[in-house]
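The values are calculated or read from the model by the stated rules, or taken from the named source; none is laboratory data. The shown structure was predicted, so the numbers you read here are calculated from the model rather than taken from an experiment. Because the Cβ atoms are built from the backbone with ideal geometry, glycine has one as well, and the counts that use them run over all protein chains shown. Heads up: the accessible areas ignore ligands, DNA and RNA and are worked out on the full protein's heavy atoms, side chains in. Shrake-Rupley method; radii C 1.70, N 1.55, O 1.52, S 1.80 Å.
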Amino acid sequence: DWVALPGAWVFWPAGLLVLFLALRGLLAPPLSWDALSFHMVVAGRFVQEGAHFTLGFPDTLGILEYHPRLFESLTALTMVPFHSALPANLVNFFSGVLAILGFYVAGGVLGVPERRLKAGAALALFLPAFAAYLSTQYVDPAAAALAMAGTALLASWFAGGAWPLAPLGALSLSLGFGMKPYGLTPLVVGAALALGFGFTRRLFTPKRAV
């Protein structure tokens with residue numbers, strides 16, 4: 001069991017960190033620059049307009065008109081039931097759960113030992129670059145989590161899993177691209193690997209599938 005690993009005490013303060021981030025997300029309004037200038041603006045307009053709209057930003061900010069809006073649409077869905085932005089800072093916590101699951105499944109398929117895999121999957125959430133964004137409106141955790149989930153699904157398919165894993169992996173990578181433009185890289189790489197596997201029938205020796 002991973003709690004019996006040497007140094008497992010680190011998970012207790014890590015759990016308190018998650019609780020603190022959740023409380024901060026509920027108590028602190030979304031005040032980051034990106035939230036005030038784009039993310040919350042788009043989410044709020046989605047709630048108000050109920051349809052596609054133009055931002056009308058001036059000068060060089062006009063490029064944001066072409067930025068993907070998938071994450072903002074998810075935030076808008078959390079705002080509708082409460083008529084408030086109260087839960088907006090908690091949307092990324094689902095990204096954390098998805099990232100842990102993706103890391104665990106992908107590592108298992110690639111043959112990582114079980115004990116190391118559990119500890120690594122748990123610690124992946126607490127990387128400073130990831131944990132710092134959990135209670136914010138930045139889309140990076142969601143894009144990274146979808147890329148990890150897509151990788152896990154495709155790896156499971158490559159290892160001999162059922163065929164539905166392939167379109168689900170492609171869907172996950174596509175949604176990551178819908179979060180942020182840099183999601184195009186894992187989407188293209190995943191598509192190339194899937195096509196290569198389709199021609200060769202086996203990309204590597206199967207070890208474990210989902």
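Between residue 189 and residue 94, what FRET efficiency follows from the Cβ-Cβ distance if R0 is 22 Å, with the result rounded to 0.05? For R0 = 22 Å, the calculated efficiency reads 0.35. Note on the chain: helix-only mean residue ellipticity at 222 nm, from DSSP H runs of 4+ residues weighted -39500 (n - 2.57) and normalised by residue number, equals -19000 deg cm²/dmol. Each label was represented as a point 7 Å from its Cα along the Cα-to-Cβ direction; for residue 47 and residue 127 these points are 3.2 nm apart. Using only Cα atoms, find the angle between the long axis of helix 11-27 and the longest principal axis of the chain, and express it within 0 to 90 degrees, rounded to the nearest 10. Once rounded, one gets 20 degrees. Look at the dipole of the chain built from charges on Cβ: of 128, 23, 155, the Cα furthest out on the positive end belongs to 155.
Couplings 3J(HN,Hα) for the range 179-194, derived from phi with the Karplus relation 6.51 cos²θ - 1.76 cosθ + 1.60 (θ = phi - 60°), are 7, 7, x, 5, x, 5, 4, x, 5, 5, 5, x, 5, 5, 5, 5 Hz, where x marks Gly and Pro. When the solvent-accessible area of the range 120-167 is split by element, carbon and sulfur atoms take up 80 percent of it, the probe being 1.4 Å. Averaging the Cα positions of each part gives two centres, and for the range 12-60 and the range 88-127 these lie 24 Å apart.
Per residue, the solvent-accessible area of the chain (1.4 Å probe, heavy atoms of protein chains only, all protein chains present) comes to 56 Å². Considering only 58, 29, 128, the mean-square fluctuation computed in a Gaussian network model of the chain, springs between alpha carbons under 10 angstrom, is largest for 58. Computed on the chain, with alpha-carbon pairs under 8 angstrom and 6+ residues apart, the relative contact order is 21 percent.
What translational D, rounded to a whole number of µm²/s, comes out for the chain from Stokes-Einstein when the hydrodynamic radius is the Kirkwood one over Cα pairs, at 20 °C and 1.002 mPa s? Walk me through the numbers on the way to the answer.
Values: Rh = 18.7 Å.
Diffusion coefficient, whole number: 115 µm²/s.
Per-residue SASA remark: residue 100, around 50 Å² accessible (1.4 Å probe; ligands, DNA and RNA not included).
Averaged over residues, the count of other Cβ atoms within 10 Å places the peptides 117-123, 189-195, 136-142 in the sequence 136-142, 117-123, 189-195, highest first.
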